[in-house]
1. Just checking, how many residues over region B:10-40 are within 12 Å of the chain's Cα centre (by Cα) and not small (Gly, Ala, Ser)?
2. I'm trying to understand the selection: among the residues of region A:61-113, which are touching a Leu at 6+ places or on another chain (Cβ under 7 Å), within 21 Å of residue B:79 (Cα to Cα) and of a type in the set (A, V, I, L, M, F, W, C)?
3. Could you say whether any residue in region B:27-38 is β-branched (Val, Ile, Thr) and more than 8 Å from chain A (Cβ to nearest Cβ)?
4. Which one of B:19, B:100, B:7 is within 22 Å of residue A:57 (Cα to Cα) and either β-branched (Val, Ile, Thr) or touching a strand residue (DSSP E or B) at 6+ places or on another chain (Cβ under 8 Å) (or both)?
5. Exactly one of (1) farther than 20 Å from residue A:2 by Cα; (2) surrounded by fewer than 19 Cβ atoms within 10 Å (Cβ to Cβ); (3) facing chain A (nearest Cβ under 8 Å) is unmet by residue B:14. Its number?
6. Taking region A:41-88 on its own, how many of its residues are over 19 Å from the mean Cα position of the chain (by Cα) and within 12 Å of chain B (Cβ to nearest Cβ)?
7. Quick test of your reading of the structure: residue B:7 fulfils all but one of (1) over 13 Å from the mean Cα position of the chain (by Cα); (2) assigned to a helix (DSSP H, G or I); (3) within 13 Å of chain A (Cβ to nearest Cβ); (4) not basic (Lys, Arg). Name the failing condition by number.
Number of protein chains: 2
Amino acid sequence: MAYLDRVFHSLSDGTRRAVIAQLANGPASVGDLARRHHMALPSFMKHIRVLEESEIVISRKTGRVRMCELRPDALTAAQGWLEQERQVWEARLNQLDSFVETLAAKENARGHK
Amino acid sequence: MAYLDRVFHSLSDGTRRAVIAQLANGPASVGDLARRHHMALPSFMKHIRVLEESEIVISRKTGRVRMCELRPDALTAAQGWLEQERQVWEARLNQLDSFVETLAAKENARGHK
């Protein structure tokens with residue numbers, strides 16, 4: 001799976017998006033995150049693993065506690081891709097607009113002859 | 001599956017992202033899109049269906065040709081979610097920065113006593 005495939009796949013689940021939203025406010029332990037989602041640790045760990053594989057989250061074990069932290073680069077890459085497509089799309093709409101305006105102006109000029 | 005789940009799932013595949021990039025430049029027929037991806041029509045139609053389910057693409061049959069068009073609202077929703085999280089994340093980093101600056105200023109003031 002390509003990098004952006006993994007990033008968007010990570011984002012395609014409500015629990016994982018909620019974890020990202022939570023970690024945007026600061027690091028948290030896996031235990032705390034799991035409790036908030038009323039989820040058994042093994043099921044929750046699968047989500048954390050998906051987030052780690054896409055490099056959205058890194059986790060480190062300090063003693064008995066595994067702490068999670070957000071890495072914003074993957075999210076920036078996803079946002080960048082979307083922004084790029086939006087720009088292509090908008091440039092095309094602007095071209096269509098000016099094409100229609102040119103047509104209308106020609107039509108108008110012809111009417112005044 | 002929730003709306004954003006479907007949108008991000010659609011974006012998690014390279015072929016589907018390429019179709020979006022292509023349709024940002026203007027509508028195209030399913031046949032033309034499939035040929036460009038060197039894919040058999042039935043396999044390709046699965047990708048189109050996923051894109052339609054997430055409301056990123058709409059298709060209409062005109063005579064014997066099925067034309068696809070991009071609907072940018074779903075992409076805007078995805079971009080909006082990412083932007084919101086980025087803002088939370090950056091606000092936190094700015095708070096951390098000013099906290100560290102305040103500490104440094106206090107430390108400095110103490111040094112000058």
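The values are calculated or read from the model by the stated rules, or taken from the named source; none is laboratory data. Everything quoted here is computed from the prediction, not taken from an experiment. Ideal geometry is used to build each Cβ from the backbone, glycine not excepted, and the neighbour counts take in all protein chains shown.
1. To start, the set of residues in region B:10-40 that are within 12 Å of the chain's Cα centre (by Cα) comprises B:10-13, B:16-17, B:20-21.
Applying the additional criterion that residues be not small (Gly, Ala, Ser) yields B:11, B:13, B:16-17, B:20.
Selection size over region B:10-40: 5.
2. A:70, A:75, A:77, A:78, A:81, A:82, A:89
3. The first filter runs over region B:27-38 and keeps only residues β-branched (Val, Ile, Thr), leaving B:30.
From what's left, more than 8 Å from chain A (Cβ to nearest Cβ): B:30.
Yes: one or more hits.
4. Values: B:19 fails: within 22 Å of residue A:57 (Cα to Cα); B:100 fails: within 22 Å of residue A:57 (Cα to Cα).
Selected residue: B:7, the only one of B:19, B:100, B:7 that is within 22 Å of residue A:57 (Cα to Cα) and either β-branched (Val, Ile, Thr) or touching a strand residue (DSSP E or B) at 6+ places or on another chain (Cβ under 8 Å) (or both).
5. Failed condition: (1).
6. Residues meeting the conditions: 0.
7. The number of the failed condition is (1).
Each row is one residue, and each column tells you yes or no for (1) among the small types (Gly, Ala, Ser); (2) in contact with a Phe, Trp or Tyr (Cβ under 7 Å, 6 or more places away or on another chain); (3) free of Cβ contacts under 8 Å to residues at least 40 places away in the same chain; (4) assigned by TED's automatic domain parsing to the domain that holds residue A:82.
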{"position": "A:8", "(1), (2), (3), (4)": "no, yes, no, no"}
{"position": "A:15", "(1), (2), (3), (4)": "no, no, yes, no"}
{"position": "A:20", "(1), (2), (3), (4)": "no, no, no, no"}
{"position": "A:25", "(1), (2), (3), (4)": "no, no, yes, no"}
{"position": "A:40", "(1), (2), (3), (4)": "yes, no, yes, no"}
{"position": "A:43", "(1), (2), (3), (4)": "yes, no, yes, no"}
{"position": "A:52", "(1), (2), (3), (4)": "no, no, yes, no"}
{"position": "A:55", "(1), (2), (3), (4)": "no, no, no, no"}
{"position": "A:58", "(1), (2), (3), (4)": "no, no, yes, no"}
